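Here's the structure we're looking at; comments come further down.
The values are calculated or read from the model by the stated rules, or taken from the named source; none is laboratory data. What you are looking at is a predicted structure, and each value in this text was computed from that prediction instead of being measured. Here the Cβ positions follow ideal geometry from the backbone for every residue, glycine too, while neighbour counts run over all protein chains shown. Remember, those area values only see protein heavy atoms, side chains included, never the ligands or the DNA or RNA. Shrake-Rupley method; radii C 1.70, N 1.55, O 1.52, S 1.80 Å.
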Amino acid sequence: MEIKFVQKQKLDPKPTGALGFGKYYTDYMLTADWSTEKGWHDAQIVPYGPIEFDPATIVLHYGQETFEGMKAYKSKAGEVLLFRPEMNAKRFANSNRRLQMPALEVDDYIKAVVELVKVEQDWIATGEGESLYIRPFMYASEAAIGVRPASNYKFIIILSPVGAYYPEGVNPVRIYVEEEFSRTAPGGTGIAKCGGNYAGSLPAQVRAAELGFTQVLWLDAKTKKNVEEVGAMNVMFLIGDTVVTPQLGDTILPGITRDSIIHLLKHKGVKVE
């Protein structure tokens, strides 16, 4: 993937003070287009700004959209670090296949992330618990009314300097067990990271917040007896000397952190089920 760079005339000032999460955005974003005729083309790093939509754009009507979430850090020596970006690339491709969208090659995904982060590395926050959040996403950009896979898609990456996701920071968060609503069901899109999954979870999330909880623990859709995942993360339990975590299937989003923890635990000789 060849990436063109479009220079911005005046750079924005960096934020000072508490960053929060998703409040500030860097000077540039990466965009690329896909069509049935050309495949991937016109990849470029351009000034961050609004996106124009035709009122009939397919994503607005049928929700054909996927996204990823990852972070860039700086070491004490100033080296820019990414954590297992190939895993995010593979999950992004799997999400796209589930929604009948074009899959970006792993190498192209990583190159796009790396090139944009290189340009914006001065935005990487280095305070305690801070980083540069990376949000790649893709949506159906064709203007048409009718339920079918689109013939045009747009891939975009935006960056945001962030602090902790939860107001509690790295401290424990209160979890609400949801027994009415379901995040997904067998055969659904639970294995994909797509916006519709999160929109459907909002009633439970709002109710949990009203009751003083930070996140929702989802149970299986059929019996409401089996633990699946917690809102923005996978879940693990320490029972005796064994770490127990729900087995992956088409109702659970496979987390990169989950996979990494399991590898580390097994390397240390801890039993994982």
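Roughly how many percent of the accessible protein surface of segment 1-100 is carbon and sulfur, given a 1.4 Å probe and a whole-percent answer? The C+S portion of the solvent-accessible surface of segment 1-100 is 52 percent.
Two decimals is fine: what's Rg over Rh for segment 81-189, C-alpha atoms, Kirkwood radius as Rh? Numbers along the way, then the final one.
Working: Rg = 17.6 Å, Rh = 17.0 Å.
In segment 81-189, Rg relative to Rh is 1.04.
Residues of segment 8-23 falling in the label zone of Q44, defined by backbone nitrogen less than 14 Å from a point 7 Å along Cα to beta-carbon, are 8-9.
What number results when the radius of gyration of segment 107-147, computed over Cα atoms, is divided by 2.2 N^0.38 Å?
Working: Rg = 15.6 Å, N = 41, 2.2 N^0.38 = 9.0 Å.
Compared with the compact-globule rule of thumb, segment 107-147 sits at 1.73.
The alpha-carbon of K271 sits under 24 angstrom from the alpha-carbons of these lysines, leaving out residues fewer than 8 places away in its chain: K225. Evaluated on segment 13-129, the Kirkwood hydrodynamic radius is 16.4 Å, with distances taken between all distinct Cα atoms.
For segment 158-242, what is the accessible area per residue in Å² when the probe is 1.4 Å? If you can, show how the numbers build up before the last one.
Details: 4570 Å² over 85 residues.
Ligands and nucleic acids excluded, the figure is 54 Å² per residue.
Below 13 angstrom from the Cβ of D241, what's the summed charge of the other residues (Lys, Arg +1; Asp, Glu -1)? Overall, the nearby charge balance is +1.
Lys and Arg at +1, Asp and Glu at -1: add these up for the other residues within a Cβ distance under 12 Å of N94 and post the number. Let's see the in-between values first.
Working: positive: K90, R91, R97, R98, K193; negative: E68, D250.
Result for the local shell: +3.
Our coupling estimate for segment 240-255, obtained by passing each phi through the Karplus curve with A = 6.51, B = -1.76, C = 1.60 and θ = phi - 60°, is x, 9, 10, 8, 10, 9, x, 6, 5, x, 7, 10, 10, 6, x, x Hz, Gly and Pro reported as x.
The value of relative contact order for segment 184-257, using C-alpha pairs under 8 Å at least six residues apart, is 35 percent.
Remind me, relative contact order of segment 1-111 in percent, using alpha carbon pairs under 8 angstrom and six or more residues apart? Before the final figure, lay out the partial values.
Working: 111 pairs, mean separation 21.9, N = 111.
About 20 percent, as a whole number.
In loop segments of segment 61-137 as defined by DSSP, the trypsin sites (Lys or Arg not before Pro) with at most 12 further C-beta atoms inside 10 Å of their C-beta are K76.
With the largest listed first and rounded to whole Å, the semi-axes of the equivalent ellipsoid of segment 121-273 from the Cα gyration tensor are 28, 23, 18.
Here the relative contact order of the chain, from alpha carbon pairs under 8 Å that lie six or more residues apart, stands at 19 percent.
Here the Kirkwood formula puts the hydrodynamic radius of the chain at 20.3 Å, using every distinct Cα pair. How much of the pair distance distribution for segment 137-209 lies past 21 Å, counting alpha-carbon pairs only, in percent? For segment 137-209, the fraction of Cα-Cα distances above 21 Å is 54 percent. Backbone geometry of segment 138-146 corresponds, through the Karplus equation with coefficients 6.51, -1.76 and 1.60 at θ = phi - 60°, to 3J(HN,Hα) couplings of 9, 8, 6, 9, 5, 8, 6, 9, x Hz, x marking Gly and Pro.
Distance from the Cα centroid of segment 40-97 to that of segment 118-182 is 8 Å (rounded to whole angstrom).
Computed with the Debye formula from one identical point scatterer per Cα of segment 192-273, without solvent, the log10 of I(q)/I(0) at q = 0.15, 0.19, 0.22, 0.23 Å⁻¹ comes to -0.63, -0.93, -1.13, -1.19.
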